[in-house]
Amino acid sequence: MKLTKDDLDKVRHIEGFPIAKDEDIINLSDPPYYTACPNSFINDFIENFGKKYDENSDDYYVEPFTADVSEGKNDPIYNAHSYHTKVPYKAIMRYILHYTKPGDIVFDGFCGTGMTGVAAAMCENPDPEFKLQLEKEFKERGKKIEWGARRAILCDISPAATFIAYNYNTPVDPAEFEKEAKSILEEVEKECGWMYETIHINDNGEPILDIEGKPIKGRINYTVWSDVFICPSCGEEIVFWDVAVNKEDGQVLNEFKCHSCGAILKKK
């Protein structure tokens, strides 16, 4: 399926339609699942997967979710792409599992990077340890989890956000992805690798040479930037990282000495 200008005309009047060339919007889109503009296929999606509301027969009732939720931000899925005000998908899963059933449609109108979509999909097959943790939490509240994927509709006024959300929630071929990623990294290495090289030097500040007389180069893995202060006693510069940080445990010392005059200084 391909997005057409006729499809765009159906939603062009909607506030938030991107200021961009139609060709660019079409090329970025992967209809019907993702469009870089208001999605004209949502009605079809809802008709296909949704359940019509019947006031006479509907008996949906769920007690409010009242438990405290705390999740760290060191999950590899969460860290795949940074974004402001991002919420861990494992935290969102608790609400989805509490309020919905497998197959239900979940709508997030401010989706950001699409963690609600990830959470909805992960309700089908979470990692075993987290699954046991959730089942224990729900059991303590007298509720049983109904495992199974929910279907998410994700929307955001930011095209960048929806593009990230699309890639977070679209299945990929791992082998093909790895192949393409390695190809990109190789191209970047050829173009920018020199920026991360450094020449090894001896204690006298002279380059260390190999057997052919050429400088030995090393790879810069990371660079530590430090504040530099002026000692109030002697006026010499103090590199904060050099004198105020315990390199073994990474903790900042409450008191430390000026390397020039030996004056006792405090971090505040």
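The values are calculated or read from the model by the stated rules, or taken from the named source; none is laboratory data. It should be emphasised that the depicted structure is a prediction, and the values quoted were computed from it without experimental measurement. Note that each Cβ is placed from the backbone with ideal geometry, even for glycine, and that neighbours are counted across all protein chains shown.
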Could you give me the residue pairs with C-beta distances under 8 Å whose first residue belongs to segment 82-98 and is buried (at least 18 other Cβ atoms within 10 Å of the Cβ), whose second residue is in a helix (DSSP H, G or I) and not aliphatic (A, V, I, L, M) wherever it lies, and which are 6+ apart or on separate chains? Pro88/Tyr78; Tyr89/Tyr78; Tyr89/Thr116; Lys90/Phe130; Ile92/Thr116; Arg94/Glu137; Ile96/Thr116; Leu97/Phe138
Only one residue in Glu55, Glu15, Glu71, Glu47 is at pLDDT 90 or above and loosely packed, with under 13 Cβ neighbours inside 10 Å. Which one? Glu47
Restricting the search to segment 1-31, which residues are without any contact (Cβ under 8 Å) to a residue 60 or more places away in the chain, in a helix (DSSP H, G or I) and within 25 Å of Asn169 (Cβ to Cβ)? Asp7, Leu8, Lys10, Val11, Asp22, Glu23, Asp24, Ile25, Ile26, Asn27
List pairs: first residue in segment 136-158 and not assigned by TED's automatic domain parsing to the domain that holds Phe110, second residue part of a loop (DSSP other than H, G, I, E, B) anywhere in the structure, Cβ distance under 9 angstrom, at least six positions apart or on different chains. none
Does segment 32-47 hold any residues that are more than 25 Å from the chain's Cα centre (by Cα) and not in a loop (DSSP other than H, G, I, E, B), and which are they? Ile42, Asn43, Asp44, Phe45, Ile46, Glu47
Test of understanding: among Cys155, Cys111, which residue is touching a Leu at 6+ places or on another chain (Cβ under 9 Å), surrounded by 14 or more Cβ atoms within 10 Å (Cβ to Cβ) and at negative phi? Cys111
Kindly check whether there is at least one residue in segment 97-106 that is of a type outside the set (S, T, N, Q), under 20 Å from Tyr33 (Cα atoms), in a helix (DSSP H, G or I) and in contact with a helix residue (DSSP H, G or I) (Cβ under 6 Å, 6 or more places away or on another chain). no
Within segment 123-133, can one find any residue that is assigned to a loop (DSSP other than H, G, I, E, B), modelled with pLDDT under 95 and more than 19 Å from Val87 (Cβ to Cβ)? yes
Cβ pairs under 7 Å, 6+ apart, first in segment 167-188 and in contact (Cβ under 8 Å) with a residue 12 or more places away in the chain and within 19 Å of Pro31 (Cα to Cα), second in a helix (DSSP H, G or I) and among the aliphatic types (A, V, I, L, M): Tyr168/Val118; Asn169/Val118; Asn169/Ala121
